[in-house]
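Colleague: Would you mind keeping the following structure in view while I ask a few things?
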Amino acid sequence: MDKKQLMQKIAGKVGNEKAVELVMNAYNTELVTTWLSRLQPGKPLGGPTRHDHLADALERVSEVCELNP
């Protein structure tokens, strides 16, 4: 599924406002997790690849929404 479809699926379960809130919180968590991992001493930094934090956030929220029928 693409990002738009995942967001529509989430919004269908929890409503538009709650979907935006959940995805933004998950997105911020993805960013902070990435930043914190880069601060660990002795851990090599990755290359210049760009990570799609929004896609990861959408997938995490979608997985949680699927737990509730």
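The values are calculated or read from the model by the stated rules, or taken from the named source; none is laboratory data. Computed from a predicted model, the values in this text were never measured in an experiment. Quick reminder, even Gly has a Cβ in these numbers, built from the backbone with ideal geometry, and neighbours come from all protein chains shown.
Colleague: Which residues, counting only those in region 1-44, are in a helix (DSSP H, G or I), at pLDDT below 90 and over 13 Å from the mean Cα position of the chain (by Cα)?
Modeller: Once the filter is applied, which keeps residues that are in a helix (DSSP H, G or I), at pLDDT below 90 and over 13 Å from the mean Cα position of the chain (by Cα), region 1-44 yields Trp35, Leu36, Ser37, Arg38, Leu39.
Colleague: Taking region 19-30, which residues are surrounded by 14 or more Cβ atoms within 10 Å (Cβ to Cβ) and farther than 11 Å from Leu58 by Cβ? Write out each step before concluding.
Modeller: Here is the first cut: in region 19-30, the residues surrounded by 14 or more Cβ atoms within 10 Å (Cβ to Cβ) are 19-20, 22-23, 26-27, 29-30.
Val20, Thr29, listed by residue number.
Colleague: State whether one or more residues within region 4-18 are surrounded by 14 or more Cβ atoms within 10 Å (Cβ to Cβ), touching a Leu at 6+ places or on another chain (Cβ under 7 Å) and either in contact (Cβ under 8 Å) with a residue 60 or more places away in the chain or of a type outside the set (A, V, I, L, M) (or both).
Modeller: Checked against the condition, which is being surrounded by 14 or more Cβ atoms within 10 Å (Cβ to Cβ), touching a Leu at 6+ places or on another chain (Cβ under 7 Å) and either in contact (Cβ under 8 Å) with a residue 60 or more places away in the chain or of a type outside the set (A, V, I, L, M) (or both), region 4-18 yields no hits at all.
Colleague: For region 1-23, which residues satisfy the criterion of being out of contact with any helix residue (DSSP H, G or I) (no Cβ under 6 Å at 6 or more places or on another chain) and among the small types (Gly, Ala, Ser)?
Modeller: Gly12, Gly15
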